[in-house]
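Below you'll find the structure, written out as structure tokens, and then a few comments.
The values are calculated or read from the model by the stated rules, or taken from the named source; none is laboratory data. Quantities reported herein were computed from a predicted structural model and do not represent experimental measurements. Note: ideal-geometry Cβ built from the backbone for every residue, glycine included; neighbour counts use all protein chains shown. Just so you know, the surface numbers come from the protein's heavy atoms only, side chains and all, with ligands and any DNA or RNA stripped out. Shrake-Rupley method; radii C 1.70, N 1.55, O 1.52, S 1.80 Å.
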Amino acid sequence: MSIIIKSASEIEKMRVACKLASEVLEMIAPHVVVGVTTNELNQLCHDYIVDVQNAIPAPLNYRGFPKSICTSVNHQICHGIPNDKPLKNGDIVNIDITVIKDGYHGDTSKMFCLGNVSPFAQRLVTVTREALFLGIAQVKPGNRFGAIGHAIQKYAESNRYSVVQEFCGHGIGKDFHEEPHVMHFGKPNDGEFMEPGMIFTIEPMINQGKRHMKMMADKWQAVTKDHSLSAQWEHTVLVTETGHEILTLRTEEL
Ligand code: MF3
Ligand code: CO
Ligand code: CO
């Protein structure tokens, strides 16, 4: 087993799948308001992916996952299962979208802040996004994967936050999760060297309190053990000859 180098035609299909995933986040944004339930957001995304994009929501039935998107609210770290509880003023929520188009996966997530979010929560959300982009800045041929994790951990901890260690980014393509595991912590000389044609996600989960997580009985939903807030942002990234291309970049990020 090793890291797959994608061909030019595979890269083109990944560009398409990743663009669709980013467009689902753009479509759903105006619907993420106080009072909406995560089940309603799940239904809107599902219908858009299936009926408008003619694509497949990858999470649905993936290893038994019951919904088409992940919605992780407040102290939920990741893999939150949409439910009938309305979102409330001050909530922070991650929406994680993965679509399959023409056999290839695009995977991306962002945080939404509902109504008046506390300055503490806002700062966690902002620092986590900055950590993602510091990680992405390390993506270029000749760097090791450890450089990504090192940059993210250094920045998160310098802001007195902690990095979740149980979940990582991943290679992505024909499969949802391919090699390698992309750690969000570590040392610059850890791991394999990046090469042009590699495609993987970076998706740091950063906690306001301690890094430790607790798994719910459903074996999917991970929450912070100390109940502190957790934030996550995710992009799918291609290694190019000169650096990288963010395949899931949204218009608002240009
Ligand atoms: N999209 C998640 C990731 O970034 C994986 C979700 S698995 C699911 O890797 F089954 F919960 F959808
Ligand atoms: Co991912
Ligand atoms: Co994801």
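I'd like to know if segment 67-76 contains one or more residues that are more than 16 Å from ligand 1 (Cβ to nearest atom) and under 21 Å from CYS113 (Cβ atoms).
yes
I'd like to verify a number: residues in segment 183-201 that are within 15 Å of HIS105 (Cβ to Cβ) and either modelled with pLDDT under 95 or within 16 Å of ligand 3 (Cβ to nearest atom) (or both), how many?
Count: 3.
Give SER68, SER2, SER7 a once-over and let me know the one that is small (Gly, Ala, Ser) and at pLDDT below 95.
The unique qualifying residue is SER2.
I'd like the full set of residues that are open to solvent by less than 10 Å² (accessible area, probe 1.4 Å) and within 16 Å of the chain's Cα centre (by Cα), limited to segment 128-162.
Within segment 128-162, THR128, ALA131, LEU132, GLY135, ILE136, ILE148, GLY149, ILE152 meet the criteria.
State the number of residues belonging to segment 149-200 that are more than 24 Å from VAL127 (Cβ to Cβ), of a type outside the set (D, E, K, R) and within 12 Å of ligand 1 (Cβ to nearest atom).
Qualifying residue count, segment 149-200: 4.
Considering only residues that are within 30 Å of GLU12 (Cβ to Cβ) and among the β-branched types (Val, Ile, Thr), look in segment 60-112 and name the one that is farthest from the chain's Cα centre (by Cα).
Checked segment 60-112; the qualifying residue farthest from the chain's Cα centre (by Cα) is ILE100.
Are any residues in segment 231-254 in contact with a Leu (Cβ under 8 Å, 6 or more places away or on another chain), open to solvent by less than 20 Å² (accessible area, probe 1.4 Å) and closer than 27 Å to VAL117 by Cβ, and if so, which ones?
Those that are in contact with a Leu (Cβ under 8 Å, 6 or more places away or on another chain), open to solvent by less than 20 Å² (accessible area, probe 1.4 Å) and closer than 27 Å to VAL117 by Cβ: ALA231, GLU234, HIS235, THR236, ARG250.
I'm checking my understanding of the structure. Among residues of segment 82-136 that are without any contact (Cβ under 8 Å) to a residue 24 or more places away in the chain and under 27 Å from THR242 (Cβ atoms), which one is nearest to ligand 2 (Cβ to nearest atom)?
PHE133
Residues that are β-branched (Val, Ile, Thr), at least 1 per element: which strands (runs of 3 or more DSSP E) completely within segment 168-254 meet that?
178-182, 199-202, 205-207, 222-224, 235-239, 244-246
Could you list, in sequence order, all residues of segment 58-77 that are outside any loop (DSSP other than H, G, I, E, B) and either open to solvent by 10 Å² or more (accessible area, probe 1.4 Å) or on the phi > 0 side of the Ramachandran plot (or both)?
TYR62, ARG63, GLY64, CYS70, VAL73, GLN76
Quick test for you: out of GLU203, GLU178, pick the one residue that is within 11 Å of ligand 2 (Cβ to nearest atom) and touching an Asp or Glu at 6+ places or on another chain (Cβ under 6 Å).
Testing whether each residue is within 11 Å of ligand 2 (Cβ to nearest atom) and touching an Asp or Glu at 6+ places or on another chain (Cβ under 6 Å) leaves just GLU203.
Can you pull out the residues in segment 205-222 that are within 17 Å of the chain's Cα centre (by Cα) and either within 20 Å of SER118 (Cα to Cα) or open to solvent by 60 Å² or more (accessible area, probe 1.4 Å) (or both)?
Hits for segment 205-222 are MET205, ILE206, ASN207.
Taking the condition of being buried (at least 18 other Cβ atoms within 10 Å of the Cβ) and of a type in the set (Val, Ile, Thr), how many residues in segment 17-53 meet it?
Selection size over segment 17-53: 5.
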